[in-house]
Amino acid sequence: MNTSETKYYIGIDGGGTKTKFLVGRGLEVIGEYTAGGCHYMQIGFDGVETLMREGVHSACENAGIKIEDVAFVYAGFAGYGDVVSDQPMIDEAIRKAFGDIPYAAGNDSENALEGALAGRPGINIIAGTGSIGSGRNAAGEFMRCGGWHFALGGDEGSAYWLAWNLLKEYSRQSDGRSEKTLLYEAVNRALDLHSDDEMVTRVVNEWHLDRTRIAGLAPIVSQLSHDGDPYAKALLSDCAQELADLAIVLYDRLGFADASDSSADSDNLVPVSGTGGVFKIGPAVTEPFARILSEHGMEYVEPAAAPDMGALMLAVKHDQRI
């Protein structure tokens, strides 16, 4: 008799920068594969189909199993469910990619939440290339917050947001609207600029405003903060506030306050985890983030598992419900 411990599953965590495929015998990981980002606005619907099909094939090959051995796939996608009119095309691309394999799909915030809190009620904030918050209460109600398109000024607190603000401040310092700090020379070095106006040429004309490439400048902010640059330190503090704001809204809208006795007992604090590269910056982000959460009945916790493992956990859960 096949049980979830003996069946093969695939969990897929599809972000804007990379897509991770995990193959498990139950929850025991036996193979994996990593591809590029899978946001449909970046690679198109056909690109999503191709990436998913090739990724599943490669992951199975690495695990030493056949595709027909897979009992269930769960795929979490960046951008999934964000634009209602685009959803039929995304779903069709996924259907074609997976063929006869039973599957379920959702936003990548769902598997990040599942992994970060190991299925417990609570909140998770993703701050990678983009940002979004998600939460699930004890009644099983799920909700998201944030994740608005970066072109509209959304994805606050993300790596892209940090880099965008870095370049904005560079332009101010170049003009003399702000006093020059370590930031000014750091951007010149990072972009290999021979004159200040080359910044626009580099980012707009050569990079074509590529979101992932711009987000790749975010580590400069972290290093500048470590070196004592006042603007970078203030920006990371603002970043923590933006990310905490997502958690505060989810805490209120999911009724966590109503479900507790509102005491200061740490046992009653709602767990909030953070996943994505921005949280890896360290104390400059996590300390103010944790402090703000504690003022609103929440507690910052380290992720129990990565988003790709969360996707594998959801694949097993969905199969058990069939």
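For Asp155, all conditions in the list (1) within 30 Å of Asp252 (Cβ to Cβ); (2) crowded, with 18+ Cβ neighbours inside 10 Å; (3) in contact (Cβ under 8 Å) with a residue 40 or more places away in the chain hold save one; what is the number of the exception?
The one condition Asp155 does not meet is (3).
Looking at (1) of a type outside the set (Ser, Thr, Tyr); (2) surrounded by 14 or more Cβ atoms within 10 Å (Cβ to Cβ); (3) free of Cβ contacts under 8 Å to residues at least 24 places away in the same chain; (4) touching a helix residue (DSSP H, G or I) at 6+ places or on another chain (Cβ under 8 Å), which is the only condition Trp148 fails?
Failing condition for Trp148: (4).
So which residues in the range 130-148 are of a type in the set (A, V, I, L, M, F, W, C) and either assigned to a strand (DSSP E or B) or more than 17 Å from the chain's Cα centre (by Cα) (or both)?
Ile132, Ala138, Ala139, Phe142, Met143, Cys145 - these are the residues of the range 130-148 that are of a type in the set (A, V, I, L, M, F, W, C) and either assigned to a strand (DSSP E or B) or more than 17 Å from the chain's Cα centre (by Cα) (or both).
Just one of Thr129, Thr201 is crowded, with 18+ Cβ neighbours inside 10 Å and hydroxyl-bearing (Ser, Thr, Tyr); which is it?
Thr129
Can you name the residue in the range 21-66 that is part of a strand (DSSP E or B) and over 26 Å from Asp91 (Cβ atoms) and is also most open to solvent (accessible area, probe 1.4 Å) among such residues?
Restricting to residues being part of a strand (DSSP E or B) and over 26 Å from Asp91 (Cβ atoms), the top hit is Glu28.
Could you please find all residues in the range 306-322 being surrounded by fewer than 19 Cβ atoms within 10 Å (Cβ to Cβ) and β-branched (Val, Ile, Thr)?
If the condition is that a residue be surrounded by fewer than 19 Cβ atoms within 10 Å (Cβ to Cβ) and β-branched (Val, Ile, Thr), then Ile322 is the only one that fits.
Looking at (1) more than 18 Å from His296 (Cβ to Cβ); (2) surrounded by 20 or more Cβ atoms within 10 Å (Cβ to Cβ); (3) of a type outside the set (Phe, Trp, Tyr); (4) at pLDDT below 95, find the lone condition where Ala163 falls short.
(4)
Spot the failing condition for Ile10; the list is (1) open to solvent by less than 20 Å² (accessible area, probe 1.4 Å); (2) in a loop (DSSP other than H, G, I, E, B); (3) more than 23 Å from Asp82 (Cβ to Cβ), and only one is missed.
(2)
Got a sec? Which of Glu114, Glu169 is surrounded by 17 or more Cβ atoms within 10 Å (Cβ to Cβ), of a type outside the set (S, T, N, Q) and touching a strand residue (DSSP E or B) at 6+ places or on another chain (Cβ under 9 Å)?
Within the list Glu114, Glu169, the selection yields Glu114.
Give me a count of the residues in the range 295-305 that are open to solvent by 50 Å² or more (accessible area, probe 1.4 Å) and either under 16 Å from Ile10 (Cβ atoms) or among the aliphatic types (A, V, I, L, M) (or both).
Residues meeting the conditions: 1.
Which of the residues belonging to the range 276-313 are within 16 Å of the chain's Cα centre (by Cα), not charged (D, E, K, R) and not in a helix (DSSP H, G or I)?
Scanning the range 276-313 gives Gly276, Pro303, Ala304, Ala305, Ala306.
If you take the residues of the range 67-94 that are in a helix (DSSP H, G or I) and closer than 23 Å to Gly31 by Cα, which of them is most open to solvent (accessible area, probe 1.4 Å)?
By that ranking, first place goes to Glu68.
If a residue counts only when it is in contact with a Pro (Cβ under 9 Å, 6 or more places away or on another chain) and open to solvent by 30 Å² or more (accessible area, probe 1.4 Å), which helices (runs of 4 or more DSSP H) contained entirely in the range 213-263 have at least 1 such residues?
230-253, 256-259
What number of residues within the range 277-294 satisfy the criterion of being touching a Gly at 6+ places or on another chain (Cβ under 7 Å) and open to solvent by 30 Å² or more (accessible area, probe 1.4 Å)?
1
The values are calculated or read from the model by the stated rules, or taken from the named source; none is laboratory data. This one's a predicted model, so the numbers in the text were calculated from it and none came from an experiment. FYI the Cβ positions are ideal-geometry reconstructions off the backbone, even for glycines, and counts take in every protein chain you see. Quick note on the areas: whole protein, heavy atoms, side chains included, nothing else; ligands and nucleic acids left out. Shrake-Rupley method; radii C 1.70, N 1.55, O 1.52, S 1.80 Å.
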